Each structure stands twice: as C-alpha cells, then as structure tokens.
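The structure appears right after this line, and notes come after that.
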Amino acid sequence: MTDIATRATHVVATSGGRRRHNGGGPRAGTIAAFLIPFFLPFVLFYLVPIAYAIWESFRVVRRTGGQYGTSYTTFGGFEQYAQVFQNTEFWASIGRIGLFGIVQVPVMLFIALIMALLLDTPLLKIKPFFRIAAFMPYAVPGVIAAITWSYLYSPQLSPVVDLLKGIGLQPDFLGPGAVLWSAANVSTWLWTGYNMLIMFSALQSIPEELYEAAKLDGASNWTIAWQIKVPIITPSIILTTVFSIIGTLQLYAEPAVLRQISSNISSTFTPNMLAYAVASGNNYQQAAAISVVIAVITFVLSFGFMRLTSKRAGL
C-alpha cells in the first residue's frame, strides 16, 4: 500500500507539474493578440511620421531653368539643418521659450506642490471638492482656455482691466513686456492641477505609520511636510518637471490664440509656431528640420535633467 501511494503521489505531482509547464505560460498568439492593437497604431501614427519627418529634413528643393523652370526634390544632406542654425528667428524663439520655462515651470510646480500638501493634510476639509476644483482647468481644452483668458486680457472687453483701471492702474496684459507672461499664466492655470494630482497620488502612497512615528518624536505638520513628505515624493516632482520641460518646448496653442488680439506675438514667437509658419509657406523640408531640432533639444534637456536630479536624489 505504501509503494502504491508513493507511486500515485509521484504520478500526480509529475502530471500536475507537466500541466503547469504546458498550460501555465502564455502562448505567443495570445501575447500578439494583446500587443498588436497597441503596436500597430504606435508604428503607423508615431514611428512612421517621425521617420518621414527625419527623411524630409534631409531633402531640398532645387530648380532648373531659372524662375519659370521646373523644381524637383533631392537629397541635400545637412543643408536644411545648417539653415535652421543660421536662422535668427529660430534662436529668438528658443530664447523666449527658455525664459518662459525658467520662470513658469518652477512657479507652476511650486504651486502644485503646495496644493498637493494641503490636500494631504488632515486640517483641510471637503477634500474631494478641492481636488476636483483644482483639477478642473485641466479638463478644459487648451484653445478654449486661451480664448477665455484672451477675453480677460483684452483692454476693450475685460472686466478685470476695467476693475484695475477703476483703482488707478493701467494694466497692459498684451504689451510687449507682458504678453509672454500672460501666455505663461494660461499654461500655469491649465497644468497646475494635473501636476498636483501626480504629486498628491504619490503622497497617498506614503504609509501613515511614518507620520505617526514622526509625531511621536515631536515633529510638527510643517516638519512632516518638508522633511518627510517632499523628499519621499521627489521622483514624482522630477517626473512632473520633465513633463513640464517637454510641454514648454511644445508651446503653441496659448500664444497662437493670443496672437489674434495682440500684435506683440509674431508668427515665429515659439519654435512650434515657427515650424508651422515655415510649413505654411510650403517649405516642408525646412519645417521638418526645425521639428527634428526641437525634438532633439527636448530630449537633451529632459533626459539631462532627469539624469542629473536622479543622481543627486540617489534614485
């Protein structure tokens, strides 16, 4: 009986292990069925356009037979890129967007951090209301937000301008020295809630026991916030900063809408606006080169910032 039981146990164990080995692992067809719906659109609508833009950036349009001759497109090497780097309007737009990012990104993320810390404190009541209210601007399309703020900036229509004039001030939100910061204000209003939600989600993952131990050691809410919470959510702060750097270099909607009511915003105000203006003039190869340069600058800045801050934070 003992031998039979032993052999039966061995057979069951062997067959069970074989079944797990044969049927437990996912099959290649199942994996493909899940991956194809993602990879097919990713390749068609992301990788292919990028590859085509890079290819176009190396091509130039030549003419034969003088002014009324025929034109043809041929490989031009780095000729388009040389023109981009010699374009003063391109570097002026990079300078404006750099100034925009240096000021707007830290201000926006600091406000988002303060809001996230306030939402995480037990002192604040009706948290769901404040969380939805803070996130609500992100639900508004960027163009609609820019149109709304352009109404508030307009000297002829804005009740805010009328109110400030009533107390003796003469605001000019669309003037040459203020229009960049008016666009920055729109971006800050739009994206602060989004970044706040990322930081708040990170705060929610911190164990409550850590706060209780700090309170037992005599730590105040202020000390807990800045010496415990902020260091722990540093990866989230880095992530939102990288997103903000990328978004800054892609700035288009806000200044493009404000341009309709302000003569102080040119068609080349930001790098993306310059690329669109060049493409509107049927110079698609030059626009492609500008786009590739913008993409490279975005990658270098965002990746460089992430590596630098991650090393300093010990991540």
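The values are calculated or read from the model by the stated rules, or taken from the named source; none is laboratory data. Bear in mind that the values here come from a model prediction, so they are computed numbers and not experimental data. Note: ideal-geometry Cβ built from the backbone for every residue, glycine included; neighbour counts use all protein chains shown. Each accessible area value is taken on the protein alone, full model and side chains, heavy atoms only, with ligands, DNA and RNA left out. Shrake-Rupley method; radii C 1.70, N 1.55, O 1.52, S 1.80 Å.
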Within segment 263-281, track down each residue that is without any contact (Cβ under 8 Å) to a residue 24 or more places away in the chain and of a type in the set (A, V, I, L, M). A275, A277, V278, A279
Which count do you get for residues in segment 77-90 that are more than 27 Å from the chain's Cα centre (by Cα) and open to solvent by 60 Å² or more (accessible area, probe 1.4 Å)? 4
Cβ-Cβ below 8 Å, separation at least six or inter-chain, first residue in segment 119-133 and over 19 Å from N195 (Cβ atoms), second modelled with pLDDT of 75 or more: which pairs? L123/N221
Would you check which residues across segment 126-147 are farther than 19 Å from G247 by Cβ, within 23 Å of the chain's Cα centre (by Cα) and open to solvent by less than 70 Å² (accessible area, probe 1.4 Å) and list them? A133
What pairs come up if the first residue lies in segment 191-209 and is over 8 Å from A112 (Cβ atoms), the second is in a loop (DSSP other than H, G, I, E, B) and of a type in the set (V, I, T), and their beta carbons are under 8 Å apart, counting only those six or more places apart or on different chains? A202/I233; L203/I233; I206/I233
Scan segment 212-251 residue by residue and report those that are over 17 Å from L118 (Cα atoms), among the aliphatic types (A, V, I, L, M) and open to solvent by 50 Å² or more (accessible area, probe 1.4 Å). L216, L239, I246
Please verify whether I245 is out of contact with any Phe, Trp or Tyr (no Cβ under 7 Å at 6 or more places or on another chain) and either among the charged types (D, E, K, R) or in contact (Cβ under 8 Å) with a residue 24 or more places away in the chain (or both), treating the condition exactly as stated. no
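Out of the residues in segment 150-185 that are under 30 Å from L117 (Cβ atoms), touching a Leu at 6+ places or on another chain (Cβ under 8 Å) and in contact (Cβ under 8 Å) with a residue 24 or more places away in the chain, which is surrounded by the fewest Cβ atoms within 10 Å (Cβ to Cβ)? So that I can check it myself, show each step before the final result.
Going residue by residue through segment 150-185, those that are under 30 Å from L117 (Cβ atoms) are 152, 160, 180-185.
Retained after the next criterion (residues that are touching a Leu at 6+ places or on another chain (Cβ under 8 Å)): 160, 180, 182-183.
After this cut, where a residue has to be in contact (Cβ under 8 Å) with a residue 24 or more places away in the chain as well, the list is 180, 182-183.
Numbers: L180: 21, S182: 23, A183: 28.
This residue is L180.
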Is at least one residue of segment 53-76 within 27 Å of the chain's Cα centre (by Cα), of a type in the set (S, T, N, Q) and open to solvent by 30 Å² or more (accessible area, probe 1.4 Å)? no
So which helices (runs of 4 or more DSSP H) stay within segment 252-315 end to end and still have 3 or more residues that are open to solvent by 60 Å² or more (accessible area, probe 1.4 Å)? 284-313
Looking at L164, L239, can you tell me which residue is closer than 28 Å to A146 by Cα, assigned to a helix (DSSP H, G or I) and more than 27 Å from the chain's Cα centre (by Cα)? L164
Looking at segment 194-211, which of its residues are within 20 Å of P141 (Cβ to Cβ), buried (at least 22 other Cβ atoms within 10 Å of the Cβ) and not polar (S, T, N, Q)? M196
With the checklist (1) free of Cβ contacts under 8 Å to residues at least 40 places away in the same chain; (2) of a type outside the set (G, A, S); (3) over 28 Å from Y194 (Cα atoms); (4) part of a helix (DSSP H, G or I) in hand, flag the one item I224 doesn't pass. (3)
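Limited to segment 46-98, what total is found for residues that are assigned to a helix (DSSP H, G or I) and at pLDDT below 90?
First, the residues of segment 46-98 that are assigned to a helix (DSSP H, G or I): 46-57, 79-85, 88-98.
Those left that are additionally at pLDDT below 90: 46.
Counting residues in segment 46-98 that are assigned to a helix (DSSP H, G or I) and at pLDDT below 90 gives 1.
Quick test for you: out of A116, A139, pick the one residue that is more than 30 Å from S266 (Cβ to Cβ) and free of Cβ contacts under 8 Å to residues at least 24 places away in the same chain. Before you say what the answer is, go through the steps one by one.
Details: A116 fails: free of Cβ contacts under 8 Å to residues at least 24 places away in the same chain.
Going through A116, A139 in turn, the sole match is A139.
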Failed condition for S93, given (1) open to solvent by less than 20 Å² (accessible area, probe 1.4 Å); (2) within 23 Å of I237 (Cβ to Cβ): (2)
Of (1) in a helix (DSSP H, G or I); (2) within 18 Å of T121 (Cα to Cα), G218 satisfies all except one. Which? (1)
